[in-house]
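Just so you know, all these numbers are worked out from the coordinates, no wet-lab data involved. In this text the structure is predicted, and so the values were computed from the model without any measurement. Glycine also receives a Cβ, built like all others from the backbone with ideal geometry; neighbour counts cover every protein chain displayed.
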């Protein structure tokens, strides 16, 4: 009997122990899962904390473009971009600026130490002057190995290379168009929103980007900072100067695929293609003559009105076009800016140069 009782006692002890052991295994499994869940919660909390911290770091948000700032003063300065306010004015030249630091940098240009000796433009740092000088020298050391296009600045070159690599990781949520740069996407999105945050300080016009505003303001100021070293003509944009310089160099990179005629710019080629299509959208209401180009149409209308508002200051002869007057004045000045690429002869207009060069090439028009 004692043996049986002992055996029963042993069984009663082992059963609860077995149940407790099973419970312990489940408890271990649950404890293993708990830290994982806890880790996920910690990640989410950390992300939320960073997001909250960013909001705390930059609590001042622009109501027009959504840009945030850590100080109220910085937001106030930024708002001047939208309003066009420029409270800091240079006492020497009258130029105005959004912020005091910009005026301080500008004042350095009046020292004359960092002035371009070709166009007179001033810079507040020697590095900016050095970069600018490439515009005049047409120096473009960074050359694309895919298409041969060259760039004066390394940053522009790197951004261009992205177009070949098709790295367009910035996508518009409105239309799906993709871009290589975040700022290009932001600029594009203003097409959808209609936002024009850059306001002209001279008139009521607004623009989507600061570059367009700067170009537009030159209409008011008359500034033409890009000068041709061969003929002295000035331009508001560097791209216009580059196209103009092709007149002197003879470079014509845009070819017509129908008649092999070459042009200095894509816009000239586009206008030329109207000849092949026989499109003449500009029709004279007085004689019915049609024109492919608006400029030719406008000049033609002057022949009916007999408007010759461009007068030579040397002899008093008048012309209906500024280009004709300029060409005529070369008779008085002796200027011959068009140089033959085969010999030393020079000419006062491009048509004469073209006719002359055919003697060298044997080309028959």
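Which shape class, rounded, prolate or oblate, goes with segment 325-365 when its Cα gyration tensor gives a ≥ b ≥ c as root eigenvalues, a/c under 1.5 marks rounded, and past that a/b bigger than b/c marks prolate?
Working: a/c = 4.10, a/b = 1.96, b/c = 2.09.
Verdict is oblate for segment 325-365.
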Label point distance in nm, residue 289-residue 74, each placed 7 Å from Cα along Cα→Cβ: 6.3 nm
Points 7 angstrom from Cα along the Cβ direction at residue 178 and residue 101: gap in nanometres? 3.6 nm
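When the chain is fully extended, how far beyond the present Cα-Cα distance does residue 349 get from residue 125, taking 0.36 nm per residue of separation?
Values: separation 224, 0.36 × 224 = 80.64 nm, distance 3.95 nm.
Difference between extended and current length: 76.7 nm.
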If neighbour count is taken as other Cβ atoms inside 10 Å, put 125, 102 in order from fewest to most. 125, 102
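With a ≥ b ≥ c the root eigenvalues of the C-alpha gyration tensor of segment 144-288, is it rounded (a/c under 1.5), prolate (a/b larger than b/c) or oblate?
Working: a/c = 1.35, a/b = 1.22, b/c = 1.11.
Because its axes are fairly even, with a/c under 1.5, segment 144-288 counts as rounded.
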Quick note, segment 255-304: a/c under 1.5 would make it rounded; otherwise a/b > b/c is prolate and the rest oblate (a ≥ b ≥ c, C-alpha gyration tensor); here it is prolate
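Rounded to the nearest 0.05, what FRET efficiency do residue 167 and residue 274 give with R0 = 45 Å and r taken as the Cβ-Cβ distance? Could you check? Don't skip to the end; give the middle numbers.
Values: r = 37 Å, r/R0 = 0.82.
Plugging the Cβ-Cβ distance into 1/(1 + (r/R0)^6) gives 0.75.
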Residue 61-residue 215 FRET efficiency (beta carbon distance; Förster radius 25 Å; 0.05 resolution): 0.30
Subtract the Cα-Cα distance of residue 93 and residue 115 from 0.36 nm times their separation in residues, and report this length gain in nm to one decimal. 6.4 nm
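Given a Förster radius of 35 Å and the C-beta distance between residue 230 and residue 257 as r, what FRET efficiency does 1/(1 + (r/R0)^6) yield to the nearest 0.05? Show your work: numbers first, answer last.
Details: r = 31 Å, r/R0 = 0.88.
Once rounded, the FRET efficiency stands at 0.70.
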Report the label-to-label distance for residue 145 and residue 83 in nanometres (one decimal), using points 7 Å from each Cα along the Cα→Cβ vector. 5.2 nm
